[in-house]
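The structure appears below as structure tokens.
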Amino acid sequence: MSKPPRVSLAEMSRVSGKMLQHGDSQHLKAGAAPTLDDLTQSLHFSPGDGRIWLNGQRMQLLHITSLGALRRELLESIGPERTRGLLTRVGYSAGARDAQLLRERWPDAEPGSLFAAGPRMHSLEGAVKVEPLHFEFDFERGTYHGEFLWHHSSEAEVHAADFGIGTEPACWMQTGYAIGYTSAMIGRLTIYREIECTSMGHKHCRLIGKPADEWDNVEEDLRFLNAESFVSTTAYGGPGQHQQAAPLPGDDGRLYGEKEMVGVSSAFNAACHMLKRVAPTAATVLFTGESGVGKELFAYMLHQIGARKEQPFVAVNCAAIPETLIESELFGVERGAFTGASQSRPGRFERASGGTLFLDEIGTLSLVAQGKLLRALQEGEIERVGGVRSVKVDVRLVAATNVDLREEIRQGRFREDLFFRLNVFPIRLPPLRDRRDDIPLLMGYFMRHYGQKHQRRVTGFTARAVDALLNYHFPGNIRELQNLVERGVIYADEDGPIDLPHLFTSGEESQTSYFSLAQTGRLTSHDAPAAPSGALLDVLPGMLQQQAAEQGQEQNWSLDHLESTLILAAVKRADGNLSAAARMLGLTRPQLSYRMKKLQQG
């Protein structure tokens, strides 16, 4: 292999300057819209190493006929319903991702102008040419209505070529793209319906979009967004269409119907697929994940779609029960077993017999309690505190933890034999930051839910509120998003939108770039004091000379070495803040993250 070209220190400033200028080539003036030319310049081909980039995201060219062949094989093997759902979800993911990339690339663009870049992106990607017919978007109120024509639809073209003229619209992936893009832009689930299609013999494809709760029978549309049938299709319906909650038999009467399964992201769908796979069995399931990701809701849904759904579901938060009471809570107590035990009482194992016992935060159990739990699981019987006889119990055990149990074992705080008994079928639930495609859906769902609960009418989210929520880190995950939206519903004016000051009022460590206003009225970034590129270039020669002196190398460097030194200098100067370092280098944060991964792999 030929050695990479090398440059001397004298050439370093010129090369580094080009990297700074072209790493993220377009810097729009505040309020400007990314034009088709801007978007085209965001498309980079690197044929030497087999990669194509669009706004820092890797892309791949595929023959339309190949996509048509895939579509045809899916239709023949899994049927039209499942094929349509699969392609709609793929399109949704692509649309939501493009919205995220455009927001990151042009953070100062006006919301309306940025929204209009979506059809241009779709055209640039070769899917379809979009012609707006009617367009209403109130960014301050978070409301939207639109009607569009699609010209030269690639999806309709391949469908008609394989199946001829039909009676149903065929642009499933493109409809999903429109849903994902618009929902991510306004923070509210927006459903599009294709009412005309060239695959049906029409001259153009035509579709209409509006918020999900303004459609009749929106459940039909949501069926194709949901990977599994137990994911909610009623969360976005009109008034009175919300699922009726059912109290949990034998437990504390919590209303799980108020907490519906909502999501379309690939990470969420992967967890749902695993849930469906294990539900018909009697296997023990261990849910892992951060606090607030919905482990108890997943456990209840596992019970509901399994064979024991007519039997009790009993949930126990192990962290909420004192160690001195955990044995009596789990196994029950006989009258007179200790002072205050005036009557016999069954424990959670007995109350859940025949059904499901869910032990949340199981990592908090003491070693003594872990030993007694292990014996109950192994023997299938328990003994009440103060009792003299064993009681047979038949429970399906489901456990959850937000700590690394393997590390707890290494630290001597968790029994290894109990871990292996619990870890039969582990399911990791992703944090909200790994399923950002779901944030717009969850925002709209919680807004509607708490609007009904608190008898308040809000119209949606303002553009800057959407920006803030889509870019927030969410250390508290879905529970934190739920609380923020409920707070916003209460704070917002009646018949008005939820705005930024209504959300982050309790010391949340938010990204400050979404919480200050410039004199122009545009939100400005203050994540970290970003040094000017010139200052970075000023210190770089000294760093390279110091390395040369320490390592005894000649004062010329490969481009790879120069790039790595420049990146490390920026990260160090930004105190590890990758967003600030990316701005120093003129890159987007995803571009910088990709380059750093390459350095680590190298």
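Of the residues screened, I382 is not one that is outside the structural domain of V333 (by TED's automatic domain parsing), in contact with a Leu (Cβ under 9 Å, 6 or more places away or on another chain) and of a type in the set (A, V, I, L, M). Please go through segment 586-595 and give me each residue that is buried (at least 22 other Cβ atoms within 10 Å of the Cβ) and modelled with pLDDT of 75 or more, ordered by number. Hit for segment 586-595 is L592, nothing else. Among the candidates A319, A307, the residue that is more than 25 Å from F224 (Cβ to Cβ), hydrophobic (A, V, I, L, M, F, W, C) and part of a loop (DSSP other than H, G, I, E, B) is uniquely A307. If the condition is being part of a helix (DSSP H, G or I) and more than 24 Å from A463 (Cα to Cα), then segment 175-206 contributes T198, S199, M200.
When restricted to residues that are crowded, with 18+ Cβ neighbours inside 10 Å, aliphatic (A, V, I, L, M) and under 27 Å from the mean Cα position of the chain (by Cα), segment 283-325 contains 7.
Does T88 fit the bill of being in a helix (DSSP H, G or I), among the polar types (S, T, N, Q), surrounded by fewer than 15 Cβ atoms within 10 Å (Cβ to Cβ) and touching a helix residue (DSSP H, G or I) at 6+ places or on another chain (Cβ under 8 Å)? So T88 does not fit the description; no. Of R389, R406, R410, all but one fail to be within 34 Å of the chain's Cα centre (by Cα), exposed (fewer than 14 other Cβ atoms within 10 Å of the Cβ) and more than 25 Å from M274 (Cβ to Cβ); the exception is R410.
Here E219 fits the description: surrounded by fewer than 22 Cβ atoms within 10 Å (Cβ to Cβ) and farther than 30 Å from R464 by Cβ.
So, in segment 256-304, exactly how many residues are farther than 16 Å from R479 by Cβ, assigned to a loop (DSSP other than H, G, I, E, B) and modelled with pLDDT of 90 or more? Residues in segment 256-304 being farther than 16 Å from R479 by Cβ, assigned to a loop (DSSP other than H, G, I, E, B) and modelled with pLDDT of 90 or more: 6 in total.
Applying the criterion of being β-branched (V, I, T) and under 21 Å from S353 (Cβ atoms) to the residues of segment 391-435, the residue that is modelled with the lowest pLDDT is V391. All conditions but one from (1) closer than 30 Å to A227 by Cβ; (2) small (G, A, S); (3) more than 33 Å from the chain's Cα centre (by Cα) apply to S328; the one that does not is (1). Taking the numbered list (1) part of a helix (DSSP H, G or I); (2) more than 19 Å from A127 (Cα to Cα); (3) modelled with pLDDT of 90 or more in turn, I165 passes all entries but (1). When residues in segment 105-162 are screened for being of a type in the set (V, I, T) and either assigned to a helix (DSSP H, G or I) or under 24 Å from the mean Cα position of the chain (by Cα) (or both), 2 of them pass. Scan segment 566-585 for residues that are closer than 16 Å to W106 by Cα and surrounded by fewer than 18 Cβ atoms within 10 Å (Cβ to Cβ) and the total you get is 0.
The values are calculated or read from the model by the stated rules, or taken from the named source; none is laboratory data. Predicted, not measured: the structure shown is a model, and the values here were computed from it. Please note: Cβ atoms are built from the backbone with ideal geometry, for glycine as well, and neighbour counts cover all protein chains shown.
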